[in-house]
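What follows is one structure encoded as structure tokens, with my remarks underneath.
The values are calculated or read from the model by the stated rules, or taken from the named source; none is laboratory data. Just so you know, these numbers come straight off a predicted model, no measurement behind them. All Cβ positions, glycine included, derive from the backbone under ideal geometry; neighbour counts span all protein chains shown. Note: accessible area is taken over every heavy atom of the protein model, side chains too, but ligands, DNA and RNA are not part of it. Shrake-Rupley method; radii C 1.70, N 1.55, O 1.52, S 1.80 Å.
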Amino acid sequence: MHIGDVRQAPVTAPTVTLCLDSKGALRAAFMEAKTTEKLADDDKRWSKAVSGVVAAVLMSVPLLVILLGGRSIGAPGVWIQTAMAGLRQGSSDHSLLHSSSSHHDRLYGGLLIEGFNVQSCHSRYQSAMYRRTAGRRPSPYLVSKLRRHEALQRRCGPGTAAYSNALEQLRSGKSVASPECSYLVSISYRGLGNRLLAAASAFLYALLTDRVLLVDPSNAMDELFCEPFLGATWLLPPGFPLTNYTNFDIDTAERYGNMVKNDVFGSDATDASTAVQQVPAFAYVHLNYDATLEDKYFFCDDDQRQLRRVQWLVMRMDNYIVPGLFLVPAFQDELDTMFPEPDTVFHHLGRYLFHPSNHVWGLVARYYHTYLASAKKRVGIQVRIYGALPDSPALLEQITTCTQKERLLPEILAEREPTISPDPGAKSIAVIVTSLKSCYSDELKRVYWEHATATGEAVSVHQPSHEEYQRSGATSHESKAWAEMYLLSLTDVLVTSSMSTFGYVAQGLGGVRPWLLYKPANSSAPADPPCGRDVSMEPCYFKPLSYDCRRQKQWVDPSTVVPHVQGCHDAGWGVKLVGRSR
């Protein structure tokens, strides 16, 4: 059984033959759909439409003011050539944001602080204006923890005497008994979604262990994002003594798993001086997909006590390890205080850390105002193509069945049924599709153009780009990817593909519990059921530890250790954070 708000009314599932059929594979499927149940709900929808119009008028006022004034917000965009050439939004918006502060909490409940140069990062203080809901509020303790960490970054980060001393200590290859400051270097690699989830995980670990976070700037991390810390950097500067750190892998001698096997820390040391000599100058923490059992001892209390003695940690991971941190006994009280709602970790950390650079924000803002701003309802559909599969009719059918069955998109009228003229007061729906392929949005767009909806609602379908294949590390490609993740996070309803870090980022930033498109057993038939409501907006941790360190590392179900760490619906072997009431 899949948890979700499944409707009782039956909906005729469409049948799709060819994704790119010139006659339109979806037309026959939609024309067979029954509309009587939808028409029976018209009276209810009329009342909802009236309420929607009132809300839309109230929300459109600040946007209209913005559209009529201001200067350019970023570099000219070649990504969206159909955007309105005269659309402006920029530096003068700073004062407008203050005037509308009662409607838009631009600091997200205290996650962010005043004082940043507005021109250096337009998105930081403007993004709240683009969200219809404020999202969850952070706990006062998390806010205070962030302020203390910012002070730590300023006191110990690059450019300080403490940082210079720590670099000299690292170059010497010797440990220090009581280091003034400790550091965590997070390696940036794999796709953009993986990099964001890894950076958020590393930051939470840095918060828990009072370490300065330094993110590897490669793979455009320095070009896609604004700095999150006031008066300090989160980017690792040039000249780092471990020149080959980006190549560390499972064969690296300083890997923590190797140190455990070789008893490098000297658990039998009897005096302090001997213990200090046995602490390495740095350790490499390998939490990648191929992490060994010894690597995953990282999540045990005893091992955390050993790692606290190491001044420099270099960490590689390609997924979201946060649920694993909730399983570390020594961290649990602190995490519970920071996150009384455990299903909001990435929601808060993502909004705190990840602010699109001015160029990327220009892509977001122009597309938003051109295609999404005026819609009464925004629906995001994120389609991941697994492997090198061609355009999939089964996946197209799965998308249409899901969105109609769960009433995320309206059904259409068959050609012989009376056409309902568009109602000026009816809700307009803007659909944004993100995919490497254009097939899925093209079919949806054509069908809603050629056929009236049973509800009288107008549906427009848009897709910012279709790159055909993923090109990790290409800045232009990843600028679009980051902009599209952010655009998805601005929608009211979100449909995402199973096991997609792209979708995980969007749902977390938006504070939306998505509808998951389940991965089918094979590519020739759609999944049954096609989708279900996810249990939380948190990302899934694909490679969790499967033992309880408090029981001498016996293999157990993690949910029996921490009830709010549950299995993932899209990856049965993974775990994710859920609300405490579940």
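Amide H to amide H distances under 5 Å link L517 with T496, S497, S498, where only residues 5 or more positions off or on other chains count and H is placed in the peptide plane. Between R580 and L230, the distance separating the two model label sites (each 7 Å from Cα on the Cα→Cβ line) works out to 3.0 nm.
Could you pull out which residues in segment 301-333 have an amide N less than 19 Å from a spot 7 Å beyond the Cα of K261, following the Cα-Cβ vector? Under cut-off, by backbone N: 303, 316.
Distances between placed amide hydrogens fall under 5 Å for V461 paired with V431, all partners being 5 or more residues away or on another chain.
Using the Cβ-Cβ distance between E450 and S476 with R0 set to 41 Å, the FRET efficiency works out to roughly 0.75.
In whole percents, the pair-distance distribution calculated for segment 181-257 from its alpha-carbon pairs, binned every 5 Å from zero, is 3, 14, 24, 28, 22, 7, 2, 0. Qualifying chymotrypsin sites (Phe, Trp or Tyr not before Pro) in segment 451-520, where qualification requires a DSSP coil assignment and no more than 13 other C-beta atoms within 10 Å, comprise Y469. Residues whose amide H falls under 5 Å from that of L235, counting only those 5 or more places apart or on a different chain, are V215, with hydrogens built in the peptide plane.
Extension gain, A571-L436: 0.36 nm per intervening residue step, less the Cα-Cα distance, totals 46.4 nm. Ranked from largest to smallest solvent-accessible area, with a 1.4 Å probe on the protein heavy atoms, E397, E114 come out as E114, E397. If contacts are Cα pairs under 8 angstrom and at least 6 residues apart, what is the relative contact order of segment 287-401 in percent? Averaging sequence separation for qualifying contacts and normalising by length gives 19 percent for segment 287-401.
Once the Cα-Cα distance is subtracted from the 0.36 nm per residue extended length, the H466 to S178 segment shows a gain of 98.4 nm. Within segment 528-582, the chymotrypsin sites (Phe, Trp or Tyr not before Pro) that combine a DSSP coil assignment with at most 13 other C-beta atoms in a 10 angstrom radius are W573. With the simple spin-label model, which puts each label point 7 Å out from Cα in the Cβ direction, the D249 to S559 separation comes to 3.6 nm. Modelled label positions at E415 and D105, each set 7 Å beyond Cα in the direction of Cβ, lie 5.3 nm from each other.
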